[in-house]
Structure formats: structure tokens, C-alpha cells
1. Considering only residues of segment 46-74 that are under 24 Å from Lys91 (Cα atoms) and open to solvent by 80 Å² or more (accessible area, probe 1.4 Å), which is modelled with the highest pLDDT?
2. If I filter segment 105-119 for residues that are out of contact with any Cys (no Cβ under 9 Å at 6 or more places or on another chain), closer than 26 Å to Lys207 by Cβ, open to solvent by 80 Å² or more (accessible area, probe 1.4 Å) and touching a residue at least 12 places away in the same chain (Cβ under 8 Å), do I get at least one hit?
3. Which residues, taken from segment 133-171, are open to solvent by less than 80 Å² (accessible area, probe 1.4 Å), over 22 Å from Gly203 (Cβ atoms) and either among the small types (Gly, Ala, Ser) or assigned to a helix (DSSP H, G or I) (or both)?
4. Any residue at all in segment 21-34 that's within 29 Å of Ala204 (Cα to Cα) and not aromatic (Phe, Trp, Tyr)?
5. If a residue must be open to solvent by less than 10 Å² (accessible area, probe 1.4 Å) and assigned to a loop (DSSP other than H, G, I, E, B), how many such residues does segment 210-225 contain?
6. Examine segment 193-205 for a residue that is hydrophobic (A, V, I, L, M, F, W, C), open to solvent by 50 Å² or more (accessible area, probe 1.4 Å) and either under 28 Å from Ile44 (Cα atoms) or part of a strand (DSSP E or B) (or both), and state whether such a residue exists.
Amino acid sequence: MNLRKILLPGLMICLAHSSLAAELATDHQKYSYTVGRQIAQMLIAQEVGDLDMSAFSEGVDDFLKHKDPQLSQEQMKSALKQHYQDLQVAKEAQAKANAEKGDKYRAENAKNEAVKVLESGLQYEVLKPGEGESPKAEDRVEVHYKGSLIDGTEFDSSYARGAPLQFNLSGVVPGFREALEHMKPGGKWRVVMPPELAYGAKGAGKKIGPNETLVFEIEYLGLVQAPAAQK
């Protein structure tokens, strides 16, 4: 990654840290604050990670004042390379830990007499059976759902948003699709997905780490008819 891509987006957030009680009275101050907020969001999206704010501020100050860098280009490249190597090692360690915890959780969950295990490794418990025909892979469906990690941390919920979600079965992770293909309208299941049926070794954003086993409560409401033009 180019050093400028880290330093330049971070200029305003650094300045925000240097003035914790900045006034927001004038239009210019309000504009500056808004830009600072937007750049902070960019830093988070780029997953820059934790920064030593003192060293970061000094780097920004040197750049803005056109001072000679305190590190050579080779030293800066080496620092960036080491940082990303450390991140990779940490991610691999997290992936291993998540896999081990997930294996243990699923093994315990499978001991529950109410839990069924499909050939793929997907586990489910029928909370409400439902009636009618199950959807097919090419169908569009409407569901309510809540997704959690095995420690109970909720990462997504249509219930919390106050509205069910409509989507094509072909566009969701394999475990979600497989569960719905066995459900009937009005049915509700508790589903436990091994990582290979969810987001695998990559995870998904900051909420779902690598090799996470996921727990879903899925309520299948029924099929959604595609608009005539799409048909």
C-alpha cells in the first residue's frame, strides 16, 4: 500500500485529535468537522487498524510542513510490510481459534435430541414446522432472520430493522440457502452453520471473523413473485 494512501486520508482525523474541544460555530468549522468525520469513516473502511497517535501526528505534521521525513523510503516500506505481515499472522491465529471453538460448539449442539444434522454439516432445530412447499434454488423468498456468533453476539437482524428481507436464494451463503430449501412457509428454524457453509476463512467485514460458526434463527414467510419484466 502506498504511504500517501494512509497519511493523506488521515490528515483531518489527526487534527481532530489535536484539538478535542474545537468550536463548531462557523460554516467553515462545520465543514471541516464534516470532512474529518468522513475521512475517519474512510480509515475504518480501509481497515488501517490502531495507530500510535503521537507518531501518526508527527508524520502528518512533517508532511504538511514540508519537513524531511524522519524515516527513509526503505524504512517506511519495511514498516508497512511488517505491519501487514503481523496482521496476516494475527488473522491466521484468529482463524484457527475460531475453527476450534466452532468445532466444539457444533459437537455439543449435535448432542441435542431436537437437532438434526444434514450431510453437509448444517445443523438445524425446528422451532415451528410450517406448511406447504419448500422453495427451490432459483426462487425469490421473504424471510425474517437473526444472525449471531456462537458467543451470542448478534451481527444482523431483520427483526431489529422492523421488516423482513426479500432475496434470491441463489444470492445467499450456502448454509442459508440449504436451510431454506428444506423449510416450509410459516416455518421457523434455528440453524447452526459451519464456516464452509457461511463466510469461510475470509469472514465478512469486522463483525464475522475468519472460520466463524454462525447461528441463525430463520423464519420463512413464503415466495415472492418476480415483477413481470423480470419474468
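1. Asp52
2. no
3. Ser134, Ala137, Gly162, Ala163, Leu169, listed by residue number.
4. yes
5. 2
6. Yes, some residue in segment 193-205 is hydrophobic (A, V, I, L, M, F, W, C), open to solvent by 50 Å² or more (accessible area, probe 1.4 Å) and either under 28 Å from Ile44 (Cα atoms) or part of a strand (DSSP E or B) (or both).
The values are calculated or read from the model by the stated rules, or taken from the named source; none is laboratory data. Remember, it's a predicted structure, so these values are computed and weren't measured experimentally. FYI the Cβ positions are ideal-geometry reconstructions off the backbone, even for glycines, and counts take in every protein chain you see. These accessible areas exclude ligands, DNA and RNA; they are computed on the full protein's heavy atoms, side chains included. Shrake-Rupley method; radii C 1.70, N 1.55, O 1.52, S 1.80 Å.
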